[in-house]
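A quick write-up on the structure given underneath.
The values are calculated or read from the model by the stated rules, or taken from the named source; none is laboratory data. Computed from a predicted structure; not experimentally measured. No Cβ is skipped: glycine too gets one built from the backbone with ideal geometry, and neighbour counts run over all protein chains shown. Ligands, DNA and RNA are excluded from the accessible area calculation, which covers all protein heavy atoms including side chains. Shrake-Rupley method; radii C 1.70, N 1.55, O 1.52, S 1.80 Å.
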Amino acid sequence: MNQDNPLEPEKLLEQEQSADNDALADDVAPEISILYEDEDIVAIHKPAGLLVHRSYLARRERFFAMQLTRDKVGCHVFPVHRLDRPTSGVLLFAKSAEMANLLCEQFATKEIEKQYLALVRGNILEGDCLDYPLKQEFDELGDKYADPDKAAQEAQTSYQPLLNCEIPYPSGRYATSRFALVQLTPHTGRKHQLRRHMAHLRHPIIGDTTHGDGKQNRFFREHFGINRLWLIAKMLRFTHPRTGEPISIETELESEWLTIFEALGWQEAIESDSGMLICEQL
C-alpha cells in the first residue's frame with residue numbers, strides 16, 4: 001500500500017521503501033504459493049518482507065516475488081500492482097504485456113476490489129469510510145526532483161471492525177492494552193494509504209515502523225516474539241481481462257496470525273460462526 005498501485009508493465013524499477021523484517025533469511029529463497037493460474041494470469045501469496053521486483057533502493061536483495069513467480073510458472077510475468085515490502089498476501093501478475101495493460105486499466109478505473117485484514121491499536125466499535133486526502137510521500141533518491149508542494153491526492157478507505165480485545169498487559173501508560181482486527185477496503189491506491197489512514201484515525205497498524213506506535217510495536221515484538229507488519233492483502237476481485245468472467249482470489253492467513261488470535265483470546269470467536277465473518281466478508 002501501500003499498498004498496491006497500478007504499474008506500467010515495462011516499468012520494473014520502482015521506489016520501494018525498505019522495512020525491517022526478520023521473516024526472510026539472506027541465503028534461502030522464501031516460499032511462495034500459487035493461489036490462481038491460467039494461461040493469462042497468475043496470483044501468488046507474497047510473504048511479508050519480500051519485494052515485488054528489483055529496485056535500485058534495495059540492491060543487496062537477492063529474492064523478489066516477480067523472479068520467484070517466473071521461475072515457478074516457467075514464463076515471464078508482468079507486475080500489475082504492488083504490495084509494500086512488509087505487507088503479505090495476494091499479489092497478481094500477468095503473463096503478457098497485453099494482459100498487464102488490461103489489468104492496469106482496471107486498477108486505474110477502480111474496477112478491482114481489494115480487501116485487507118489489519119491488526120490495529122485500540123478498540124473500534126463502528127465502521128465507516130474515511131475520505132482523507134494524502135500528500136505524496138517522496139523517496140530521498142527517486143523523488144529528489146519532485147515538487148514537494150504538490151497538492152494532496154484524494155484517498156478513501158472503508159474500515160469495518162471484526163474483533164476487539166483488551167489484555168491485562170501494559171504497552172504504554174495504561175495498565176491494559178487494547179487491539180482490534182479490522183477489514184480494510186481501499187478505494188484509491190495511494191502510497192502507504194492504509195497505514196497512513198489508520199494512523200490518522202489514531203488506530204495505527206501494529207508493526208508499522210513508519211506511521212505506527214513505537215511502544216505498541218515494541219510490546220508486540222517482546223511480548224509475542226513476532227516481528228512483522230500486521231497487514232495482509234486477503235482478497236482480490238476483478239474481471240478476467242480475456243474471458244470477462246468475475247475472478248475472486250483469497251489467501252489463507254499465515255500461522256502467526258492464528259498464534260496472535262489465540263494469544264488475544266480470539267480463537268473461540270474465529271472457530272465459531274461469528275468468526276466466519278473474517279472469511280465470508282472477504
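Taking Rh as the Kirkwood radius, which is the inverse of the mean 1/r over Cα pairs, what is the Rg/Rh value for segment 56-129?
Ratio of gyration radius to Kirkwood radius: 1.06.
Assuming 0.36 nm per residue, please report the length gained on full extension of the stretch Gln67 to Leu258 beyond their Cα-Cα distance.
Working it through step by step, the gained length comes to 65.8 nm.
Can you tell me the length gained on complete extension of the stretch Ile34 to Glu245, counting 0.36 nm per residue apart and subtracting the Cα distance?
Result for the pair: 74.0 nm of gain on full extension.
Under a 1.4 Å probe, what is the accessible area of segment 151-282 per residue, stated in Å²?
47 Å²
In whole percent, how big is the carbon plus sulfur part of the accessible area of segment 50-101, probe 1.4 Å, protein atoms only?
44 percent
Going by average Cβ density within 10 Å per residue, which order do the peptides 246-252, 40-46 take, highest to lowest?
40-46, 246-252
Quote to one decimal, in nm, the extra length available between Gln153 and Gln267 on full extension: 0.36 nm per residue of separation minus the C-alpha distance between them.
37.1 nm
Under 9 Å from the Cβ of Thr185, count the other residues' Cβ atoms, weight Lys and Arg +1, Asp and Glu -1, and hand me the total.
0
List the lysines whose alpha-carbon lies under 19 Å from that of Lys191, not counting same-chain residues fewer than 8 positions away?
Candidates past the 8-residue exclusion: Lys11, Lys46, Lys110, Lys114, Lys135, Lys144, Lys150, Lys234.
Between the alpha-carbon centers of segment 102-138 and segment 179-193, tell me the distance in whole angstrom.
Measuring centre to centre over Cα atoms gives 4 Å.
If you take the square roots of the eigenvalues of the alpha-carbon gyration tensor of segment 159-221 and sort them as a ≥ b ≥ c, do you get rounded (a/c under 1.5), prolate (a/b over b/c) or oblate?
Oblate, because a/c is 1.5 or more while a/b does not exceed b/c.
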